[in-house]
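A.B. asks: So that we are looking at the same thing, I have put the structure below in structure tokens.
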Amino acid sequence: MANWTVDSAAEFLLAAERNRTDVEPLTDEWIELDAATGHLIQDALIARKVAAGEAVTGVKLGLTSRAKQERMGIDSPLTAVVTDAMQLPEGTPAPYSRLIHPRIEPEIVFVMARDLEGPGVDAEAALAAVGTVHAGFEIIDSRYRDFRFRLPDVIADNASSACFVVSGRAFSPAELDLAAEEVVVKVDGVEVDRATGAAVQGHPAAALALAANALARQGKRIPAGSLVLTGGLTDAVAMAPGSSFTAEFATLGTVEIPAG
């Protein structure tokens, strides 16, 4: 497509998602695409999902590890949007029939008790706005071929969002040492990776604060009741039908995507 617009890019990415067809990054042709325009595309994409009947339920953070941020030339996580259609009930197999090349990563998930709005939010203030903490799994599924993208591309693609699971077990933030909270990821019962909450900006609440401040620059806030997926604790693991995926958290409990 020679003459890209915000609307045509949003439609292009939605069609790739609907048709399970991976595509080349927008920036291969739209060379001047920048992060600000990427956010406009993301907004247009989500507006179309809402018009089709989905409800926005929260926020997800992407590129929360410092190594990934350095590769992308940024100093804070990406923000993206999650909807009710993305959430899988606990115990549900991965919906491979609607995915292209899924990968899975364990997450610490917050449910917000109060609105959180930047600028100037720090980790202490961010954590004070959290109501409950949960174990989670996120399935990411970039619409771009081979997960190849530049920063504006991945922002436009809603940070590779696809599906997620949140454990029904709820904990108060005051009960937890989230930086030290360990998770072990297993595929078919075999450990493939492990990490602690410190993998996410040093502390998940620090990532939440950075996200609130970034959203403020877009004129947005994180409303009370929102789910916040604070970012992958480990590298994402490639998924395939027939395998089960388990995240065993030290305190938060276990969340599983069974074989399907």
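A.B. asks: If we keep just the residues of the range 140-167 that are more than 26 Å from Asp115 (Cα to Cα) and aliphatic (A, V, I, L, M), which is surrounded by the fewest Cβ atoms within 10 Å (Cβ to Cβ)?
C.D. replies: Filtering the range 140-167 for residues more than 26 Å from Asp115 (Cα to Cα) gives 140-154.
Of the ones still in play, those that are also aliphatic (A, V, I, L, M) are 140, 151, 154.
Working: Ile140: 22, Leu151: 19, Val154: 24.
Residue satisfying both the conditions and the ranking: Leu151.
A.B. asks: So the check is Cβ under 6 Å with 6+ separation or different chains; which pairs have a first residue in the range 200-221 that's over 17 Å from Val183 (Cα atoms) and a second one that's of a type in the set (Asp, Glu)?
C.D. replies: From residues that are over 17 Å from Val183 (Cα atoms), the pairs are Ala209/Asp122; Arg221/Asp115; Arg221/Glu117.
A.B. asks: Filter the range 1-33 for residues that are in contact with a strand residue (DSSP E or B) (Cβ under 7 Å, 6 or more places away or on another chain), assigned to a loop (DSSP other than H, G, I, E, B) and buried (at least 17 other Cβ atoms within 10 Å of the Cβ) and give the result.
C.D. replies: The answer is Pro25, and nothing else.
A.B. asks: Let me ask something additional. Would you check if Pro77 is buried (at least 17 other Cβ atoms within 10 Å of the Cβ) and in contact (Cβ under 8 Å) with a residue 24 or more places away in the chain?
C.D. replies: Working: buried (at least 17 other Cβ atoms within 10 Å of the Cβ): yes; in contact (Cβ under 8 Å) with a residue 24 or more places away in the chain: yes.
Yes.
A.B. asks: Here's another thing I want to ask about it. Is one or more of the residues making up the range 167-184 of a type in the set (Phe, Trp, Tyr), touching a His at 6+ places or on another chain (Cβ under 8 Å), in contact (Cβ under 8 Å) with a residue 40 or more places away in the chain and farther than 30 Å from Thr37 by Cα?
C.D. replies: Taking every residue of the range 167-184 in turn, at least one turns out to be of a type in the set (Phe, Trp, Tyr), touching a His at 6+ places or on another chain (Cβ under 8 Å), in contact (Cβ under 8 Å) with a residue 40 or more places away in the chain and farther than 30 Å from Thr37 by Cα.
A.B. asks: Would you check if there is a residue in the range 65-83 being assigned to a loop (DSSP other than H, G, I, E, B) and modelled with pLDDT of 95 or more?
C.D. replies: Scanning the range 65-83 turns up no residue that is assigned to a loop (DSSP other than H, G, I, E, B) and modelled with pLDDT of 95 or more.
A.B. asks: Is it the case that Ala179 is over 17 Å from Ala236 (Cβ atoms), in a helix (DSSP H, G or I) and among the hydrophobic types (A, V, I, L, M, F, W, C)? Explain how you work it out, then say what you get.
C.D. replies: Details: over 17 Å from Ala236 (Cβ atoms): yes; in a helix (DSSP H, G or I): no; among the hydrophobic types (A, V, I, L, M, F, W, C): yes.
Taking the combined requirement at face value, the residue does not satisfy it.
A.B. asks: Provide a single number: the residues in the range 182-204 that are in contact with a strand residue (DSSP E or B) (Cβ under 9 Å, 6 or more places away or on another chain) and assigned to a helix (DSSP H, G or I).
C.D. replies: Residues meeting the conditions: 3.
Quick grid of which residues meet (1) under 18 Å from the mean Cα position of the chain (by Cα); (2) surrounded by 18 or more Cβ atoms within 10 Å (Cβ to Cβ); (3) modelled with pLDDT under 95:
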site	(1), (2), (3)
Pro204	yes, yes, no
Ala207	yes, yes, yes
Gly232	yes, yes, yes
Leu252	no, yes, no
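A.B. asks: How many residues, within the range 205-254, are charged (D, E, K, R) and in a strand (DSSP E or B)?
C.D. replies: Looking only at that region, the number is 1.
A.B. asks: Let me ask something additional. Please enumerate the residues belonging to the range 34-53 that are among the small types (Gly, Ala, Ser), outside any helix (DSSP H, G or I) and either within 16 Å of Ala15 (Cβ to Cβ) or touching a residue at least 60 places away in the same chain (Cβ under 8 Å) (or both). Even if it seems obvious, please write down each step before you answer.
C.D. replies: So in the range 34-53, the residues among the small types (Gly, Ala, Ser) come out as 35-36, 38, 44, 47, 51-53.
If we keep only those that are outside any helix (DSSP H, G or I) as well, we get 52-53.
Across the range 34-53, the qualifying residue is only Ala52.
The values are calculated or read from the model by the stated rules, or taken from the named source; none is laboratory data. Remember, it's a predicted structure, so these values are computed and weren't measured experimentally. A quick note on method: Cβ atoms are made from the backbone with ideal geometry, for glycine too, and the neighbour counts reach across all protein chains shown.
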